[in-house]
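Down below is the structure, laid out as structure tokens.
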Amino acid sequence: MKVCKFGGSSLADAAQINKVIDIVLADPSRRIVVVSAPGKRNGSDTKVTDLLIALAKAALSGANVDREYGAVVERYASIAQDLRLGDQITREIEDDLKGRIADKSKLTEDEFMDLMKAAGEDNNAKLIAAAFTARGRKARYASPRDTGMVLMGEHGDAQLDPESYKTLTRAFSNFEGIVIYPGFFGYTKEGKVATFPRGGSDITGSILAAAVCADVYENFTDVDSVYPADPRLVPEVKDGEGIKTMTYREMRELAYAGFGVFNDDAVIPAVKARIPINIRNTNHPSAPGTMIQQTRRSVPGTIVGVASESGFVNIIIDKYLMNREIGFGRKVLTILEEEGIGYEHMPTGIDSLCVMVKDKFMPTEVEKRVVNRIKKELKPDSVSVVHDLDVLMMVGEGTRYAVGMLAKVSKALADAGVSVMMFSQGASEVSSMAAVRTQDREKAVRAIYHAFFE
Ligand code: ASP
């Protein structure tokens, strides 16, 4: 059985929804269909979730909500009309929205916000089930409440209560036909609606894939595949080949360095259950997409992609005979911990140590305090802070056994005139990391891409 998730751009209007129905009906193993709220139809459009947030805010401020309410209803009404579903479904959506707004007085602001945000996926799932029926194929809406999608933690940033797996598995044992399931939200133990972080329909899909032990979790979006470099930095990447397969570890390393196709946190449930994840394109369903799985055959010396991320700061500490001073590294990390700073990378030499941290953790006053504490508590020969660094990650299972990997990377960067501020072929063995100056990022990513993919 396959669990498929369709994002907002795949469900933005009637034509997109018809494509989704065609895709689902083309493969009888596509049985659980997780849907987002309608997304943007074009660059200047607004997602239904954002319209609902505006509606919730207007309601909370006590203002007249007619305009915001009308904008939400209008989106669904036009989809329903273009799909020839009749007026009934729009009336039901209107009643649903009015009911939610009326519940405002019983809820805290956060609870109310989640109740409103969830309306996007919930009503879309009902509408899409009706669209299947209108095309003469039965599909049933399933509710997160009835199936036991119990969430905990903060509203707007909730997580699954792990106990839910049992109930979800039970709810989907021996079910018939096609189920349309709204993404993005569930219920607290107290019965209140709670949402995952934005983009959370991916999380719902991944949870259901794990709960039913799906053969594959198909995540339909609007790209043919994951590209080996960010097309915004390297536009020519689109003329080449997308990534056919990658491992979970490769995905994690690429996603860490800002590989934007999807959020790796979202797929943790599927990864833990070792469900293969297939990223596919709703607008080009014959493309096989990118398959992300536990293992793959890799060629030594190749990479699957190069990712980059901005906003790093390097703290460089030198001290003669540092390697003999037991506990030095721990003391540095303790200072960072006490200042609430997480660290990203820490390459060390015998007498020097670098700690790379995100610059958002190091506003000027924090930086001053950290440097003073390092000076006072660790008595180094020198401590300096380098700003405006970006990280490049060259990711591939094939880097592990490769001879000359480092030479290839440094030649590419040297030829492009990029100076490497730090390099580490890390413990993970699936990636090498280079830090470059922010102004060199684009040049560096292009150079690596051309060195490995041409
Ligand atoms: N509709 C929600 C959002 O816009 C969740 C999702 O699309 O995954 O964030």
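Using Cβ point charges alone (K and R +1, D and E -1), the dipole size of segment 238-391 about the Cα centre works out to roughly 540 debye.
For the chain, what relative contact order do you get, as a whole percent, if you take Cα pairs closer than 8 Å and at least 6 residues apart? Provide the component values of the computation, followed by the final result.
Numbers: 893 pairs, mean separation 58.8, N = 454.
Relative contact order for the chain comes out at 13 percent.
Any aspartates and glutamates with Cα under 17 Å of the K331 Cα? List them, leaving off those in the same chain fewer than 8 positions away. Correct list for K331: D318, E339, E344, D351, E367, E377, D381. Segment 20-64 and segment 191-241 have Cα centres spaced 16 Å apart.
Find out how many positive minus negative residues lie around R249, taking Lys and Arg as positive, Asp and Glu as negative, among other residues whose Cβ is under 14 Å from that of R249. Walk me through the numbers before you get to the answer.
Values: positive: R252, K272, R274, R296, R400; negative: E250, E253, D264, E397, E429.
Residues near R249 contribute 0 overall.
Ordered by the number of other Cβ atoms lying within 10 Å of each residue's own Cβ, fewest first, K408, K138 fall into the sequence K138, K408. By other beta-carbon atoms within 10 Å, ranking D66, D390 with the fewest at the front produces D66, D390. Where the centroid of each part is defined by its Cα atoms, how far is segment 395-415 from segment 429-445 in Å? Distance between centres, Cα-based: 12 Å. With the charge dipole of the chain set up from +1 on Lys and Arg Cβ and -1 on Asp and Glu Cβ about the Cα centre, the Cα lying farthest toward the positive end among the listed residues V391, A287, A444 is that of A287.
Distance from the Cα centroid of segment 306-385 to that of segment 131-163 is 45 Å (rounded to whole angstrom).
Relative to the Cα centre, the charge distribution of segment 405-454, modelled as +1 at Lys and Arg Cβ and -1 at Asp and Glu Cβ, gives a dipole magnitude of about 100 debye.
Distance check, please: which entries in K166/K244; K272/K360; K47/K166; K104/K166; K40/K117; K138/K166 exceed 25 angstrom between their Cα atoms? Can you show the working numbers first?
Values: K166/K244 33 Å; K272/K360 30 Å; K47/K166 33 Å; K104/K166 32 Å; K40/K117 16 Å; K138/K166 27 Å.
Distance filter (> 25 Å) returns K166/K244; K272/K360; K47/K166; K104/K166; K138/K166.
Identify all aspartates and glutamates with a Cα-Cα distance to K106 below 19 Å; exclude those on the same chain that are fewer than 8 residues away in sequence. Partners found: D95, D96, D114, E154, E190.
Taking every alpha-carbon pair under 8 Å whose residues sit at least 6 apart, segment 348-454 reaches a relative contact order of 26 percent.
Stretched out straight at 0.36 nm per residue, the stretch from E337 to F423 would grow longer than its current Cα-Cα span by 28.5 nm. The calculated FRET efficiency for the pair D215 and E365, based on their C-beta separation and a Förster distance of 60 Å, comes to about 0.65.
Sequence-distant contacts, meaning Cα pairs under 8 Å at least 6 residues apart, place the relative contact order of segment 6-53 at 43 percent.
Counting neighbouring beta carbons within 10 Å and listing from fewest to most, the residues T46, T90, T195 come out as T46, T90, T195.
A short reminder: the numbers here are calculations on the coordinates, not readings from a lab. What you see is a predicted model, and the numbers here were worked out from it, not measured in a lab. Virtual Cβ from ideal backbone geometry, glycine too; neighbours counted across all protein chains shown.
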